[in-house]
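Have a look at the structure below, then the notes.
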Amino acid sequence: MKRFAYRIDTDENPESPREWDNLGTLCIASRRWDFGEVQLAHDADSIEEAFRWHLAENDLTMDQVIWLPVYGYSHSGLTINTTGFSCPWDSGQLGYIYVSKKDALKEYGGQRVGKTLAEKVEKYLRGEIETMDQYLTGDVYGYRIYEYVGDEEDFQDEDLSTHSWEEIDSCWGYYGEKYCEDEAKAIVDRLNNGEVAA
């Protein structure tokens, strides 16, 4: 009888989600942090003014884009969101994420951006920031699949630290530990039931 098991590990070298094909453009105004597509000007009187300058350089105004503010909380690392943090000392606005209404219509269809479409786009932009937050906070994982290669009579439990287990597969870049574990468990369950060839 073949036996299979999995192990979940932190992905030590994940790809930044900002390298993906994103709908939003992430603009950051920080001398310390630089992880967006646009580094906003530091000589503006405010982050909003710097953002308006960026839009103007691209022939856009605030009324022509769907945008959300991006906030950061820095305390032995960085976490970000679009709603803000309660700590007034280690947190504040870092920038914006936006998409032009023209590009939103290209993506979702329609003739105009109404309330329903705007809310859909805002939800998508929040999702991009949540994924970026997972990247920044190390919430990215991978799994390794192992096959038991020891003698059957020696099998005690799924102690993967022994030499009786051989790694046969792995996959990385899962954002969220539960998502990664669900995928690994499903594969191992199928293997243990003989549904997938090793």
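What the table below lists for this structure:
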quantity	calculated
Some residue of the stretch 142-157 being over 30 Å from S170 (Cα atoms), modelled with pLDDT of 95 or more and surrounded by 12 or more Cβ atoms within 10 Å (Cβ to Cβ)	no
Criterion (buried (at least 18 other Cβ atoms within 10 Å of the Cβ), touching a Lys or Arg at 6+ places or on another chain (Cβ under 8 Å) and outside any loop (DSSP other than H, G, I, E, B)) met by exactly one of L55, L26	L26
Among (1) of a type in the set (S, T, N, Q); (2) over 30 Å from I145 (Cβ atoms); (3) in contact (Cβ under 8 Å) with a residue 24 or more places away in the chain - the single one Q39 does not satisfy	(3)
Qualifying position, being open to solvent by less than 30 Å² (accessible area, probe 1.4 Å) and either in contact (Cβ under 8 Å) with a residue 12 or more places away in the chain or aliphatic (A, V, I, L, M) (or both), among R7, R18	R18
Evaluation of K2 against (1) touching a Gly at 6+ places or on another chain (Cβ under 9 Å); (2) in contact (Cβ under 8 Å) with a residue 60 or more places away in the chain; (3) open to solvent by less than 90 Å² (accessible area, probe 1.4 Å) (one fails), failing number	(3)
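The values are calculated or read from the model by the stated rules, or taken from the named source; none is laboratory data. As the structure is a prediction and not an experimental result, all values here were calculated from the model. Methodologically, a virtual Cβ is constructed for each residue, glycine included, from the backbone with ideal geometry; neighbour enumeration extends over all protein chains shown. These area figures cover heavy atoms from the full protein model, side chains too; ligands, DNA and RNA do not enter into them. Shrake-Rupley method; radii C 1.70, N 1.55, O 1.52, S 1.80 Å.
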